[in-house]
Amino acid sequence: MRRLGDHHMAASRPDRSRFRHLYIKLRKLPIILGMRLILASSSPRRRQLLRNAGFDFDVQASNIIEKIQPGEPPEEFARRAAREKAVQIAASSPQGSLVLGADTVVVIDGETLGKPSDLDDAARMLRLLSGRTHQVHTGICLVRAPDKIAALKHETTLVTFRELDEEEIRDYLESGEPMDKAGAYAVQGLASRFVTCISGCYSNVVGLPVALVYETLKPLLKAEGSRQ
């Protein structure tokens, strides 16, 4: 007699098989493409996101100073910063390596919020975000070393905060978490208790739109598959 769960288990096996196949392809990505995949970022959050998604990669952090230009739209700033990071690292990377640069900004009332300069700036940002919806933009750029731009894109996610009181803001500042984060918060950390709604890509808010990165690399995987 077939148990009640047998049909569900049987139906799920093809899905698991496809997922395993995708995971293996991602792990072998640098080999498949005949190149190294390099993340041009020191962000532990971006590294973890890529690892969780099954990517195999090296890390070489750029030292680009992220500074928005007067009148520059936030999406363009995120793309430009990502491009500058990737281009810088690609210039000194082995020929044919694929370098991934990324930059994340938070936007509210037309103001672009990067990383806070000090605790007062972080408190100011959190008060701006309190009880409101803001945008998170992450630009990504892929450069094939030494200098060929392979892709330049961005992802946007809407995030809503509940109302924060001054005690909550003070306690969060004391945790130290806000200081190296765009918009002065980490959605995957203590600030998760502030967020009531996310519309769009969650990993984009953490710091890297993983689905967009994969979709950008996917044509290369398909091209390789057609030759096999």
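I'm told GLY110 meets every condition in (1) at pLDDT below 95; (2) within 16 Å of the chain's Cα centre (by Cα); (3) closer than 23 Å to ILE198 by Cβ except one. Can you identify the failing condition by its number?
Condition not satisfied by GLY110: (2).
Residues being assigned to a strand (DSSP E or B) and within 17 Å of SER62 (Cα to Cα): count how many of those fall in segment 139-151.
Going through segment 139-151 one residue at a time, the tally reaches 7.
Looking at (1) over 17 Å from SER42 (Cα atoms); (2) basic (Lys, Arg); (3) out of contact with any helix residue (DSSP H, G or I) (no Cβ under 9 Å at 6 or more places or on another chain), find the lone condition where LYS85 falls short.
Against the list (1) over 17 Å from SER42 (Cα atoms); (2) basic (Lys, Arg); (3) out of contact with any helix residue (DSSP H, G or I) (no Cβ under 9 Å at 6 or more places or on another chain), LYS85 comes up short only on (1).
Do we find a residue being out of contact with any His (no Cβ under 9 Å at 6 or more places or on another chain) and aromatic (Phe, Trp, Tyr) anywhere in segment 152-173?
Among the residues of segment 152-173, at least one is out of contact with any His (no Cβ under 9 Å at 6 or more places or on another chain) and aromatic (Phe, Trp, Tyr), which makes the answer yes.
Looking at segment 162-187, which of the residues that are assigned to a loop (DSSP other than H, G, I, E, B), more than 15 Å from ARG127 (Cα to Cα) and without any contact (Cβ under 8 Å) to a residue 60 or more places away in the chain is farthest from the chain's Cα centre (by Cα)?
This residue is GLY176.
Tell me which of these ILE32 doesn't satisfy, since it passes every other one: (1) at pLDDT below 95; (2) over 22 Å from LEU208 (Cβ atoms); (3) touching a helix residue (DSSP H, G or I) at 6+ places or on another chain (Cβ under 7 Å).
(2) is the only condition that ILE32 fails.
Under 7 Å between Cβ atoms, which residue pairs at least 6 apart in sequence (or on different chains) link something in segment 85-104 that is surrounded by fewer than 18 Cβ atoms within 10 Å (Cβ to Cβ) with a partner that is assigned to a strand (DSSP E or B)?
Final answer for the pair search is GLY96/ARG144.
Does segment 165-185 hold any residues that are of a type in the set (A, V, I, L, M) and surrounded by fewer than 24 Cβ atoms within 10 Å (Cβ to Cβ), and which are they?
ILE169, LEU173, MET179
Applying the selection to segment 191-218, what residues are surrounded by 15 or more Cβ atoms within 10 Å (Cβ to Cβ) and more than 13 Å from the chain's Cα centre (by Cα)?
If the condition is that a residue be surrounded by 15 or more Cβ atoms within 10 Å (Cβ to Cβ) and more than 13 Å from the chain's Cα centre (by Cα), then ALA191, PHE194, VAL195, ILE198, THR216, LEU217 are the ones that fit.
Just checking, does segment 7-27 include any residue being farther than 19 Å from GLY139 by Cβ, part of a loop (DSSP other than H, G, I, E, B) and modelled with pLDDT under 90?
No, segment 7-27 contains no residue that is farther than 19 Å from GLY139 by Cβ, part of a loop (DSSP other than H, G, I, E, B) and modelled with pLDDT under 90.
Give me the residue from segment 155-164 that is within 16 Å of ASN204 (Cβ to Cβ) and in contact with a helix residue (DSSP H, G or I) (Cβ under 8 Å, 6 or more places away or on another chain) and, out of that set, surrounded by the most Cβ atoms within 10 Å (Cβ to Cβ).
The qualifying residue surrounded by the most Cβ atoms within 10 Å (Cβ to Cβ) is VAL159.
From (1) closer than 21 Å to GLN188 by Cβ; (2) surrounded by fewer than 23 Cβ atoms within 10 Å (Cβ to Cβ), pick out the condition that doesn't hold for LEU152.
(1)
Specify the residue that is surrounded by the fewest Cβ atoms within 10 Å (Cβ to Cβ); the eligible residues are those in segment 110-127 that are part of a loop (DSSP other than H, G, I, E, B) and either touching an Asp or Glu at 6+ places or on another chain (Cβ under 8 Å) or β-branched (Val, Ile, Thr) (or both).
That would be LYS115.
The values are calculated or read from the model by the stated rules, or taken from the named source; none is laboratory data. Please read all numbers here as calculations on a predicted model, not as lab measurements. Every residue, glycine as well, gets a Cβ built from its backbone with ideal geometry; the counts of neighbours run over all protein chains shown.
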